[in-house]
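The values are calculated or read from the model by the stated rules, or taken from the named source; none is laboratory data. Owing to the predicted nature of the structure, the values given are computational and were not obtained by experimental measurement. Cβ placement follows ideal geometry from the backbone for every residue including glycine, while neighbour counts extend to all protein chains displayed. SASA here: full protein model, heavy atoms, side chains in, ligands and nucleic acids out. Shrake-Rupley method; radii C 1.70, N 1.55, O 1.52, S 1.80 Å.
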Amino acid sequence: VALALIVGAIGGAFAARAWYHANPVTITVTKTRTVDRPVPSDSKAMRAFAVELKRQRPDLDDADAAAILGNVWGESKGDTAALENGASTPPASAADDVIGKWAAAGHGIGALQWTGERATALIARAQAAHEGWRSVDIQVAFLLTEMDDASMWRQPMPDGAAGLAAFRSAGDVRTATSAMLRGFVRPADPAASEHARLIGALSMYAWLQSR
């Protein structure tokens, strides 16, 4: 039992150091009821997405990878088969053409909840590769292709590269996560989910650093 406690303490200390290195924060301790919450780095889906991301882009540093993963967590919890929940959501087993038409009408699919023309392009890419659109390797490849295209980012500057440039120049997990959220994912209310995405990013950063 003593050995287990020591090993646990060492593991916890390592994870904590990785989190603080990624993004130092001030912690306020309060007494509250314990609530079980999912931990992003414990998710098999998130780990699979992270492994494939690093396989396809081995030069991607852990902070930028974690920022991407934090936004994946915020969109779908890493579920590449995710369909936006709603009254018109088709069955998970629906044919690609059914899901494609539904997504083209503005409903999200996949890890990044692609909609409209982007969802149509994802499905087309998968079909061209003779794979299913739910495949993690297809979605990672599609995401990286989009992210490398400056026109897919918010463009507050005439050169069209401001959003992508902000992400690439980010010096830490917090800044990179925010840059991707506001410059690439662009939900209607970024602030509403920013904290959850940052927690996801920091969790995945700790996991990436421990590998």
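For every residue, the table says whether it meets (1) in contact with a helix residue (DSSP H, G or I) (Cβ under 8 Å, 6 or more places away or on another chain); (2) more than 25 Å from Ser203 (Cα to Cα); (3) touching a residue at least 40 places away in the same chain (Cβ under 8 Å); (4) not aliphatic (A, V, I, L, M).
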| position | (1), (2), (3), (4) |
| --- | --- |
| Gly106 | yes, yes, no, yes |
| Leu112 | yes, no, yes, no |
| Arg118 | yes, yes, no, yes |
| Ala129 | yes, yes, no, no |
| Val140 | yes, no, yes, no |
| Ser151 | no, yes, no, yes |
| Phe167 | yes, no, yes, yes |
| Val185 | yes, no, yes, no |
Quick one: Val185 ticks every box in (1) touching a Ser or Thr at 6+ places or on another chain (Cβ under 8 Å); (2) open to solvent by 20 Å² or more (accessible area, probe 1.4 Å); (3) within 15 Å of Gly110 (Cβ to Cβ) bar one, so which box is it? (1)
I'd like to know if the stretch 183-205 contains one or more residues that are over 17 Å from the mean Cα position of the chain (by Cα), under 20 Å from Ser76 (Cα atoms), of a type outside the set (D, E, K, R) and part of a helix (DSSP H, G or I). no
Kindly indicate whether Asp96 is at pLDDT below 95 and closer than 23 Å to Gln127 by Cβ. yes
Scanning the stretch 155-171 for residues that are open to solvent by 50 Å² or more (accessible area, probe 1.4 Å) and in a loop (DSSP other than H, G, I, E, B), the one nearest to Glu117 (Cα to Cα) turns out to be Gln155
Among residues of the stretch 190-207, those that are surrounded by fewer than 22 Cβ atoms within 10 Å (Cβ to Cβ) and under 25 Å from Asp149 (Cβ atoms), counted: 3
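Look through the stretch 142-151, keep the residues that are open to solvent by 40 Å² or more (accessible area, probe 1.4 Å) and not in a loop (DSSP other than H, G, I, E, B), and return whichever of them is farthest from Ala179 (Cα to Cα). So that I can check it myself, show each step before the final result.
In the first step, residues of the stretch 142-151 are kept if they are open to solvent by 40 Å² or more (accessible area, probe 1.4 Å); the result is 145, 148-149, 151.
Now narrow it down to the ones that are not in a loop (DSSP other than H, G, I, E, B): 145, 151.
Working: Thr145: 17, Ser151: 15 Å.
Among them, the one singled out is Thr145.
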Residues (open to solvent by 30 Å² or more (accessible area, probe 1.4 Å), closer than 25 Å to Ala188 by Cα and not in a helix (DSSP H, G or I)) located in the stretch 49-99: Lys77, Asp79, Ala81, Leu83, Glu84, Asn85, Gly86, Ala87, Ser88, Thr89
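So that you can scan it fast, the table gives a plain yes or no per residue for (1) modelled with pLDDT of 95 or more; (2) within 25 Å of Ala45 (Cα to Cα); (3) surrounded by fewer than 17 Cβ atoms within 10 Å (Cβ to Cβ):
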| residue | (1), (2), (3) |
| --- | --- |
| Lys101 | yes, no, yes |
| Thr120 | yes, yes, yes |
| Trp133 | yes, yes, no |
| Val140 | yes, yes, no |
| Trp153 | no, no, no |
| Arg174 | yes, yes, no |
Which ones in the stretch 103-118 are assigned to a loop (DSSP other than H, G, I, E, B) and open to solvent by 70 Å² or more (accessible area, probe 1.4 Å)? Ala105
